[in-house]
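Written below as structure tokens is the structure these notes are about.
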Amino acid sequence: MLRKSMTLLILCAGILLAAACSPQQVQVATTQQIPSAVAQALSPEVAQNIQNQISQLLGVPVESIRLDEVQKTDWPDGCLGLGQPGEVCTQAVTPGWSLAFTVNGQSYRFRANDTGTVVRQEK
């Protein structure tokens, strides 16, 4: 009986941890054409996810975002190595992308997971 209770407790804790660490998806409907430089480096779905999130984070239209550099990278955790104090991050290597963009003449660096559902700006 104790063993079943422990197993159930561990299973519930694992489910809660997975739910808490799941990336929040930001869905922004857009019909913008993905620039060819982005499409060559990333799949169209990943590129669209990243561009939509950057557009929302910076408050700029998708068409004003220009990709300058993209590099496949493994991040040290689920927060892409940019966790904040008190934030709980999945402690597992997370495959993703290091990205450099120019928006209206200003340069920005972002990190994304491999699906583009988690995007964080480097400070």
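Quick note: the coordinates plus some simple rules give every number you see, no bench work behind them. Predicted model, so just to flag it, every value in this text is computed and none were measured. Here the Cβ is made from the backbone with ideal geometry for all residues, glycine too, and neighbour counts use every protein chain on show.
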Neighbourhood net charge (13 Å Cβ-Cβ; Lys/Arg +1, Asp/Glu -1) for Trp75: -1
Net charge over other residues, Cβ less than 14 angstrom from the Cβ of Thr117 (K, R count +1; D, E count -1): 0
Linear extension gain, Thr102 paired with Glu122, 0.36 nm per residue minus alpha-carbon span: 5.8 nm
Most to least packed among 46-55, 108-117, 66-75, 85-94 [average Cβ atoms within 10 Å]: 46-55, 108-117, 66-75, 85-94
Around Leu99: net Lys/Arg minus Asp/Glu count, Cβ-Cβ under 14 Å: +1
